[in-house]
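One structure is given here, and the rest of the page talks about it.
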């Protein structure tokens, strides 16, 4: 079964304009922000100061507000569009166990996980520290949690995995929806690039997590939390 045939096996009820708008909001600016955020978090390899500057500090309060709106508005619109599509599709992997169908259902399942992960991440890492403590999330807090709180480490590892898969696979769907990949041959030729994008972004995300994990084991971080071991 071809990629187009597999996709056609699942009813598509979303109007073309709405579908293209939803995919556009997924790629611009959300994909750009995700890639930039993963890159910034790699500053954890250079220590607390570098990470704070790259990830949590803004040169002007308006820049912080603008960045938040630039991310939140498209994210809410894309999430709403995705929820509508989630309730409209009917998986048929049992009848058609093909690679394209597997990617399709993984895209939908990853969307659910990413929605919960990003919601929790935006609240815990961005909003809560600023609204309740009056400052950005400190490096030693996230580093300590990564090292000594296994659920945090697991959630971040799986959250990054789901996010970069959803992004990399979504780029192919975006290109198909906008007519950039118009033939089955062009889709097959883009597939390796989609895999490369996924692996590069996953390496960036997990690399940043590992840097935070390593930092959480230093004497300085442990001392800041008044502990000498895991909890």
Residues residue 35 and residue 116, FRET efficiency given R0 of 22 Å [Cβ-Cβ distance, rounded to 0.05]:
0.55
Hypothetical label at residue 72: residues of the range 105-147 whose amide nitrogen lies under 20 Å (7 Å Cα-Cβ projection):
114-138
Using a 7 Å offset from the Cα along the Cα-to-Cβ direction at both residue 123 and residue 65, what is the distance between the two label points in nm, to one decimal?
2.4
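So, R0 is 45 Å and r is the distance between the beta-carbons of residue 108 and residue 219; what FRET efficiency does that work out to, to 0.05?
On the way: r = 45 Å, r/R0 = 1.00.
Approximately 0.50, to the nearest 0.05.
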Quick check on the exposure proxy: order 59, 103 from fewest to most C-beta atoms within 10 angstrom.
59, 103
One finds, for residue 50 and residue 182 with R0 = 30 angstrom and r their Cβ-Cβ distance, a FRET efficiency to the nearest 0.05 of 0.10
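No lab work stands behind these numbers, since they all come straight from the coordinates. Nothing here was measured: the structure is a model prediction, and the numbers come from that model. All Cβ positions, glycine included, derive from the backbone under ideal geometry; neighbour counts span all protein chains shown.
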